[in-house]
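The structure appears right after this line, and notes come after that.
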Amino acid sequence: NAGVMQNPRHLVRRRGQEARLRCSPMKGHSHVYWYRQLPEEGLKFMVYLQKENIIDESGMPKERFSAEFPKEGPSILRIQQVVRGDSAAYFCASSPLGTEEFFGPGTRLTVL
Amino acid sequence: ELKVEQNPLFLSMQEGKNYTIYCNYSTTSDRLYWYRQDPGKSLESLFVLLSNGAVKQEGRLMASLDTKARLSTLHITAAVHDLSATYFCAVDIGGATNKLIFGTGTLLAVQP
């Protein structure tokens, strides 16, 4: 059973471009969480999704950020018009029943 | 708002010594996690503590949970260089989301 997969592992964008981060949960997991880790800090919750539903987006910035988890395919975290402050590691985690979360390898976003 | 505080933030210790990392949190929770993170890597789950008085041990690491005091400890026995990493505690706030609130992290450097 493959673990949580994220791609790309590294992403470089210039200011103003869009960043799309993908997360494929573990097989059988229908709950997905996104966390952001700024340099030298802990992880901060962004959003919690189940298939086709956003359950809790209390950690998402109000503008430029969106997330989805469609019926088919991976979960996508989308950042529009990136700024330097968006540079961070973005981790996805999945769980089968909203209990223990299993983390992916992360996507490291660098905004030039 | 739930706060999770770890101390110390940085710990330099010699091989063979013992030490304890503390994790305090500000609201009730019945589930606490400890993770290890190596530089540039994802999170490795170390322990899941589910109830008051829970104690778990794996190798040189032992974790405990006191839900009444809202305190968890990660004890390191006879440290070795391979334990050098950043350690995070994370509290599950339960409810409808089970999202995790992470501590600030403790950077452990074990010197030969």
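Over the Cα atoms of the protein assembly as shown, compute the convex hull volume and normalise it per residue, giving Å³.
Hull volume over Cα atoms, normalised by residue count, gives 123 Å³.
Can you give me the accessible area per residue for the protein assembly as shown, using a 1.4 Å probe, in Å²?
Values: 11180 Å² over 224 residues.
Per residue, the protein assembly as shown has an accessible area of 50 Å².
If you project the alpha carbons of the range B:14-112 onto their three principal axes, what span does each projection cover, largest first, in Å?
45, 29, 20
Can you send over the carbon and sulfur percentage of the accessible area for chain B, probe radius 1.4 Å, protein chains only?
Details: 2730 of 5490 Å².
The computed percentage sits at 50.
Along the charge dipole of the range A:27-112, pointing to its positive end and built from +1/-1 on Cβ of Lys, Arg, Asp and Glu, which listed residue (A:V111, A:F45, A:Y35) has its Cα farthest out?
In the range A:27-112, that residue is A:V111.
When all alpha-carbon pairs of chain A are counted, what percent fall beyond 24 Å? Display every interim value, and only then the final one.
Working: 1068 of 6216 pairs.
Tail of the P(r) past 24 Å holds 17 percent of the pairs.
The values are calculated or read from the model by the stated rules, or taken from the named source; none is laboratory data. Keep in mind the model is a prediction, meaning the values are calculated, not measured. No Cβ is skipped: glycine too gets one built from the backbone with ideal geometry, and neighbour counts run over all protein chains shown. To get the accessible areas, we keep the full protein, side chains included, count just its heavy atoms, and leave off ligands, DNA and RNA. Shrake-Rupley method; radii C 1.70, N 1.55, O 1.52, S 1.80 Å.
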